[in-house]
Each structure stands twice: as structure tokens, then as C-alpha cells.
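No lab work stands behind these numbers, since they all come straight from the coordinates. A quick note: this is a predicted structure, and the numbers were derived from the prediction, not measured. Positions of Cβ are backbone-derived with ideal geometry, glycine not excepted, and every protein chain shown enters the neighbour counts.
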Amino acid sequence: MTREEKASFVSQLAEKFKANSNFYVVDMGGMTVAESNAFRARLFKENLEVHMAKNTLIRKALEVAGVDAAAMAPGLKQSSSIIFAPEAANGPAKLLKEYLEGKEKPVLKAAFVEQTAFVGGDKLVDQLASLKSKQELIGEIIGLLQAPMSNVLGALESSKSTIGGLLKTLETRAANA
């Protein structure tokens, strides 16, 4: 690659980083061509993009995009491929967790999810797969906010019928006395 080609590639990759606030860095080195193609097909089916790049070019693109390259640096060693997740932040982690059952590759080295860097570790895939998406969190918050109101309305509704029944009983007793 010439310098101009590298500069063009870095600017294109930086635009991808700016456009996607969620991306994963995986090591696909050591996978056979068939395994790599099968994994890429799964990613494509889930509407995820994957790009291979040299670690130095990834670092430069991260810096250009304004992403904390220093936080991601420990994950940028050996072979690196980047998976961009435009929709659900935990989508690639769930796919990796499912795909890795009984396999050793690809290895998740780092992830950048909603402005937070996650690097290395055996449990990283499990941690990221269990993260809730922004929509799921908003739904839970709305449900929690609605619960007290529905409890108050339910109590008022039941007390209305209780008060009405009590008044009828008192009226019946007064009429009989």
C-alpha cells in the first residue's frame, strides 16, 4: 500500500468509526478459509460489517475519529478484524457467544460499546452478550415509572367499590333499623 492508499483507508475507516458507536475487534487468525467464510456469512446475515486492517491503521483511524485509541490499544495486537454493529450493541457478542460453542476462534479482543471500551478477558463475550440494548433499558425504565401510577389507580378503583359497598351496607342497616 502506498502512503496515499493508507491515508485514504484510514479516513474511510475513521468515517466508519464515527458512524458506528459500537464495534468489536476480533482475532480471526488461525481460522481456515472455510471457517472464516462461514463466520463472515453469519455476520452478513445479521447485518454486521467486518473489515480486516493492520493495527497501526486501526489506531490512526481511531485517533482521527476521536475515539480513545489508548483504551483500545491492548486489544490491538496480532491479527485484527473489526465488526461494526450499527443496531444492537450486544448483537455481535451474542453472535460470537453462539458461534464459539465448541470452537476457539475467533477471539474477541476488545469492544467499544456506547462510548465505553472493553478490553480482553475470557468472560468478555459473556459480559457483552448480557448487556441490555438502549431500547430494552428505556422499556424497563418506562415500565418502572408506570408501575407506581397503575398501583395508585388500582387502589383508588378498588377503594371506590369498597366505599360504595360500605355505603350500601350502612343504608340497608339504616333502612332495617
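So here's what we get for this one:
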item	result
Packing rank of 75-84, 141-150, where each peptide gets the mean count of other beta carbons within 10 Å, highest leading	75-84, 141-150
Residue with peak Gaussian network fluctuation, the chain [Cα springs, cutoff 10 Å], from Glu140, Glu114, Glu35	Glu140
Relative exposure of Tyr99, Tyr24, judged by other C-beta atoms within 10 Å (fewest first)	Tyr99, Tyr24
Computed FRET value (nearest 0.05) for Asn55 with Ser133, which takes r as the C-beta separation and R₀ as 22 Å	0.15
Calculated from backbone phi, Karplus (6.51, -1.76, 1.60) coupling profile of the range 136-145 in Hz, x at Gly/Pro	5, 5, 4, x, 5, 5, 4, x, 5, 6
Evaluated over the chain, the Cα radius of gyration and Dmax, each in Å	27.1, 106
Residues whose placed amide H lies under 5 Å from that of Lys105, excluding near-sequence neighbours	none
Distance in nm between pseudo-label sites at Glu98 and Lys18 (7 Å out along the Cβ direction from Cα)	3.3 nm
